[in-house]
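S.K.: I am attaching a structure below and will ask some questions about it afterwards.
What follows draws every value from the coordinates through simple rules; no lab data is involved. Quick caveat, the model's predicted, so the values are computed rather than measured. Note that we place each Cβ from the backbone using ideal geometry, even for glycine, and neighbour counts take in every protein chain shown.
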């Protein structure tokens, strides 16, 4: 699929781009080369190929999931202005 000059003018108008005559020819060529590349990529047979999450198929090293901090909930709630049933009470903001 190739774009004509009038197509690029319509696209430029819709995008509110002020393209000069030199820009129109350059933009038409650039868009046609991009669309040509897309056509080449769509022509490749990808049947039987599984999609990759990462091109290198690297696995991420994860650390062990261990609790490293003690629970300070009681100490924090002891100094809070208002607490009820383990929850912080705050002033009503929306009527």
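S.K.: Between helix 21-43 and the chain, what is the angle of the helix's C-alpha long axis to the longest principal axis, kept within 0 to 90° and rounded to the nearest 10?
M.R.: Between helix and principal axis, roughly 70 degrees.
S.K.: Given 0.36 nm per residue, what is the gain on full extension from residue 64 to residue 12 after removing their alpha carbon distance, in nm?
M.R.: 13.3 nm
S.K.: Using a 7 Å offset from Cα along Cα-Cβ at residue 1, what residues in segment 17-44 end up with backbone N under 18 Å from the label point?
M.R.: Residues passing the 18 Å test: 28-44.
S.K.: Give me the extension gain from residue 79 to residue 26: residue separation times 0.36 nm, minus the current Cα-Cα distance, reported in nm with one decimal. Spell out each step's value before the answer.
M.R.: Details: separation 53, 0.36 × 53 = 19.08 nm, distance 6.76 nm.
The span from residue 79 to residue 26 would gain 12.3 nm if fully extended.
S.K.: Pairs of alpha-carbon atoms within less than 8 angstrom and 6+ residues apart define the contacts here; what relative contact order does the chain have, in percent?
M.R.: 20
S.K.: Which value at 222 nm does the chain reach when only helices count, each DSSP H run of 4 or more adding -39,500 (n - 2.57), with the total divided by all residues and rounded to the nearest 500 deg cm²/dmol?
M.R.: -13000 deg cm²/dmol
S.K.: When Cα Rg over 2.2 N^0.38 Å is calculated directly from the model, which label among [x] 1.29; [y] 2.41; [z] 1.15 fits?
M.R.: [y]
S.K.: Let me ask another. Roughly what angle does helix 5-14 make with the longest principal axis of the chain, taking Cα atoms, 0 to 90 degrees, to the nearest 10?
M.R.: Rounded to the nearest ten degrees, it is 30.
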